[in-house]
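Have a look at the structure below before the remarks.
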Amino acid sequence: MNAIFNLHRETNRSWPKRKPTTQSLLRSAIFILAISLLTLFLFIFLSISTSKSLFSTQTLSTQNPQCGQIRASSRVGEKFLWYAPHSGFSNQLSELKNAALMAGILNRTLVVPPILDHHAVALGSCPKFRVTAPNEIRASVWNHAVELMKSGRYVSMADIIDISPLESASLRVIDFRDFAASFCGVNMDSTCVNDLKPGSSSLFDSLIECGHVLSGVQGNLGGCLYAVEEDCRTTVWTYENGDDGKLDSFQPDEQLKRKKKISYVRKRRDLRKTLGPGSEADSATVLAFGSLFSAPYKGSESYIDIQKVKNGDFMPFVPEILNAGKKFALERIRDPFVCAQLRLLDGQFKNHWKATFKVLRQKLESLNQGNGRPVNIFVMTDLPQGNWSGTYLGELASNENRFKLHFLREEDRLVAETARQVGKRGSRGNVHCPRQKPPDVLLYIEESVCSCASLGFVGTAGSTIAESVELMRRSDVYSILNRTAR
């Protein structure tokens, strides 16, 4: 029994402790060090992530448009409409007309954009339902406008087109540069921004960041920005037609739906009911559209179907350009002449030379009266004169007994002097900007010359330039110029 008790006591007795070896101590130290380093790395990672998040929030807040600044200025209570023009000048001009009409209906101040480089911004095809989204085209236009400022090539539409009739009709306007400077909180001379001191590129960076927000890329900003997302794929804007919400007559056909896998439905929307008083958009200081281009298509309009656009859409060039065209016609051509506008190289037109020349040939044959005097022809074309050989133009140029050709070049004194005058108009009398490049005015003077061709006009079918000239001729632009000169 004692042996049992003794055995029990022996089995419950603690075993003698071993002394820790050097190897075991080293393993413990390494383990503790690894845990410490892992904890430290985790702490650093969380700190950086938190600081980045805070920095991003602060950066975003500095990029937000300064709507409060406008409300505190002389433009308190004013609401603005800005849009994103695209493609060539004629398309941009048609969008300006639409924008002016819509700004008047919505009682908003129109932001007048610059003239964009011809291929800087593309819309796509409304009939094919393949267009750039409104927020993307707004961002592209904004970035290109800032680049024009930065490079000294900024020319406002108001420097080329006489918008004084709009202002006399009580439509408020603001230059894009003034609009951008005010809303983005940027302190700059909007008429001489290209002459800033070296190292001021951060100003342009700020404008780009602000434009990212004002383009609606990050969505609407309550009370400040309403970015219109409806485009020609889904909407036809109307006004007081009594068809708000109805389906438009032009819809994508079943073959296009299957081929492109699209499900768009085009509805007619009343502009004032949708975006005017009482709407969410009306409460925003800035109403931002994408492209405002529209054209007839299959019995409807691609985007804007407001009759007033068709009935009163003429906007003349500024007097400096009209006077230059008139001067060339009276002093250089002198005799009655026909104008030939031949677009031969760009887009679809390069494949239709034969048809374009055929129309011109028929017109000239009808003018050949056999009186021995050559027919005067003013030619405006994108085909360089060095490439006329072997074409109908080359044939006309070589037949000096029957035809006398006239044309303008960039280097002509009349063109250079007009560019200087228009550039002076653009400076608005402020400090001279030595780096500002003279505007390209050749096309506008050519259109002005064609508008007073007494023997008629032959334009390229489908060209918006031809449509612009035809509109000038119907509007009797030089009688308007004579009235304004009195």
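The values are calculated or read from the model by the stated rules, or taken from the named source; none is laboratory data. Predicted model, so just to flag it, every value in this text is computed and none were measured. Because the Cβ atoms are built from the backbone with ideal geometry, glycine has one as well, and the counts that use them run over all protein chains shown. In case anyone asks, the SASA skips ligands and DNA or RNA and just uses the protein heavy atoms, side chains included. Shrake-Rupley method; radii C 1.70, N 1.55, O 1.52, S 1.80 Å.
Of the residues making up region 259-267, one or more are open to solvent by 50 Å² or more (accessible area, probe 1.4 Å) and either of a type in the set (A, V, I, L, M) or in contact with a strand residue (DSSP E or B) (Cβ under 7 Å, 6 or more places away or on another chain) (or both). The helices (runs of 4 or more DSSP H) found wholly in region 192-303 and carrying at least 2 residues that are closer than 23 Å to Ala120 by Cα occupy 201-214.
Scanning region 145-153 for residues that are polar (S, T, N, Q), over 25 Å from Pro316 (Cβ atoms) and not in a loop (DSSP other than H, G, I, E, B) turns up at least one hit.
Residues checked against (1) within 30 Å of Pro296 (Cα to Cα); (2) open to solvent by 60 Å² or more (accessible area, probe 1.4 Å); (3) touching a helix residue (DSSP H, G or I) at 6+ places or on another chain (Cβ under 7 Å):
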| position | (1), (2), (3) |
| --- | --- |
| Met315 | yes, no, yes |
| Ile321 | yes, no, yes |
| Ala329 | no, no, yes |
| Phe357 | yes, no, yes |
| Gly386 | no, yes, no |
| Glu400 | no, yes, no |
| Lys404 | no, yes, no |
| Thr418 | no, no, yes |
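Taken over region 338-349, residues that are touching a Leu at 6+ places or on another chain (Cβ under 8 Å) and either over 15 Å from Trp388 (Cβ atoms) or hydroxyl-bearing (Ser, Thr, Tyr) (or both) amount to 1.
Taken over region 232-253, the criterion of being hydroxyl-bearing (Ser, Thr, Tyr) and open to solvent by less than 50 Å² (accessible area, probe 1.4 Å) is satisfied by Thr234, Thr235, Thr238, Tyr239. Scanning region 117-165 for residues that are open to solvent by 40 Å² or more (accessible area, probe 1.4 Å) and on the phi > 0 side of the Ramachandran plot yields a single hit, Gly124.
Given the conditions (1) modelled with pLDDT under 95; (2) open to solvent by 10 Å² or more (accessible area, probe 1.4 Å), report the number of the one that Thr460 does not fulfil. For Thr460, the failing item is (2).
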